Each structure stands twice: as C-alpha cells, then as structure tokens.
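Have a look at the structure below before the remarks.
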Amino acid sequence: MRRLGVADSDIDAIEQSGESRRRLPLRAPVDGVIAELGAREGGSVAAGETVLEITPRSQVWIEALLFPAQRMQLGDTVEGRFTLPGLAGTEWRAEASYIAPSVDPVTQTLAVRFPIPEAGDALPLGAWLDAEIAGTRREDVLVVPSSAVIRTRQGNRVVRLAGEDRFEPVAVELGAIHEGWTEIVSGLSEGDGIVLSGQFLLDSEAELTSGLQRMQGHDHGGGH
C-alpha cells in the first residue's frame, strides 16, 4: 500500500479498524500550490502518469534570463535583487544556485535561477519581476558617463581632448553598463579628458557623422 502512495496514517487506521476499504485517500507529501492537475472525476490513471503536480512555497525560485556576454561579465558569483512592479518596499535578494550550461535556441539566453525560501505569499508564482543582477566585483575598471558615448552605425565614439581647445573623436569598445556609467574596454586611457555630453544635440545620423569628420580635420575653439 505504501508503494501505491497510501499514507502510513491511513494504513494504521485500516489495521486498527480490521476492515478493508474500497476507497483510500492519496495525500500530497508537501503543502503548496497546484501547478498541474492531470486527473479528472471519473477518469482512469495509468501507471507512471502524473496525477497532481504541487509546487511547495518553501522552494520558490526566480529565473533570470541573461545573454551569454552578460553572463561572462558577471564572473563566478552572481547575485540578484528582485522587486515586484507596483509593490514598494518589498524586495528579494539571493545568490544564484543554478546557471544553465547551454543557450536556449529560441531566446539565445541562459537561465539563471535564484532560490527564494522566504518568498511567502507576497511573491505570486509566474509573476514578472524587475531584476538587478550583480557579479563578482572587479577592480581597476575604466568607466565614463554613459552620456559621453556617441553611438553611430560606424561604431561607438567618445570625444577626447587632444590639446588646448582641440577635440577628436576616438573609437571605443564598450563593456558593462550600470547606473549611468559605461565601461571602456579599449580606446581611452586613465586621465584622458573627454566631452561629457557627446551628442551635441545633433538631429540626425548625417549631422553626427559630418560633425565628427570636421572635428578630426579642424581645430575648434571650444566644446559642448
């Protein structure tokens, strides 16, 4: 009877009564939320078929989807801070316990799971959350204000001070972006003077390209 899923308490009750029963209850081994109900009244259940799938609230986890490049930038330790939109003052923090080894062929993302044992009823199952993902702290990273980066079809540029009252656009390779700051992987050096607002209020890609070309060929008496 135990192999059929009958609880010990029900087996003991049958032994004490000394009478057989045509019907016996099947009890769930855990408390939780019903995620799938495979049985219907009057139906039959085949061996190995799922009758009821229950998700225990004590084992809730949050899944974040990261692009492979983002995952590589985070390092070995990945931590997450999660908030529910519209619910102020409530957040959940956790360290990732599982990182998928392969990329999803449809979304081209990696699943990262964060266990939230203290979720309680405030975290609805299946909800979309706002997430802040942090990785291993890195030292000696060169960053500039994100407003200094000019994005064009030809690549990313930052306007650098090349001499007294003279500026030049330089190609840069970007890394991580966080809270208004952008990592510069190559193209600038520590101590370089740059223009902090790189767009110059230009209206079109053509004006931007033309302005950068003029800047490379002529001195200017000032910057923006």
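Quick notes on this one:
- Tally of residues being surrounded by 16 or more Cβ atoms within 10 Å (Cβ to Cβ) and either in contact with a Lys or Arg (Cβ under 7 Å, 6 or more places away or on another chain) or under 19 Å from VAL78 (Cβ atoms) (or both) across region 116-129: 3
- Every residue from region 8-32 that is surrounded by 10 or more Cβ atoms within 10 Å (Cβ to Cβ) and under 19 Å from GLU49 (Cα atoms): LEU24, PRO25, LEU26, ARG27, ALA28, VAL30
- Positions within region 135-145 being loosely packed, with under 14 Cβ neighbours inside 10 Å and either within 17 Å of the chain's Cα centre (by Cα) or of a type in the set (D, E, K, R) (or both), in sequence order: THR136, ARG137, ARG138, GLU139, ASP140
- Close pairs (9 angstrom Cβ cut-off, 6 or more residues apart or separate chains): closer than 14 Å to ALA134 by Cα and acidic (Asp, Glu) in region 68-88, at pLDDT below 80 and outside any strand (DSSP E or B) anywhere: ASP76/THR136
- Region 135-144: number of residues that are assigned to a loop (DSSP other than H, G, I, E, B) and either among the charged types (D, E, K, R) or modelled with pLDDT of 85 or more (or both): 6
- Looking only at residues of region 49-63 that are of a type in the set (Val, Ile, Thr) and part of a strand (DSSP E or B), we find that the one that is least open to solvent (accessible area, probe 1.4 Å) is ILE62.
- Boolean, GLU132 is within 30 Å of GLU190 (Cα to Cα) and either open to solvent by 70 Å² or more (accessible area, probe 1.4 Å) or at pLDDT 85 or above (or both): yes
- Those residues of region 161-187 which are of a type in the set (S, T, N, Q) and within 12 Å of VAL141 (Cβ to Cβ), in sequence order: THR182
- Cβ-Cβ under 6 Å pairs, at least 6 apart or on other chains, region 146-161 side open to solvent by 60 Å² or more (accessible area, probe 1.4 Å), far side small (Gly, Ala, Ser): SER147/SER197; LEU161/GLY193
- Residue, farthest from ARG138 (Cα to Cα), within region 67-112, restricted to residues that are surrounded by fewer than 16 Cβ atoms within 10 Å (Cβ to Cβ) and of a type in the set (D, E, K, R): ASP104
The values are calculated or read from the model by the stated rules, or taken from the named source; none is laboratory data. These figures come from a predicted structure and were not determined experimentally. Note that we place each Cβ from the backbone using ideal geometry, even for glycine, and neighbour counts take in every protein chain shown. Accessible surface areas use protein heavy atoms only, side chains included; no ligands, DNA or RNA. Shrake-Rupley method; radii C 1.70, N 1.55, O 1.52, S 1.80 Å.
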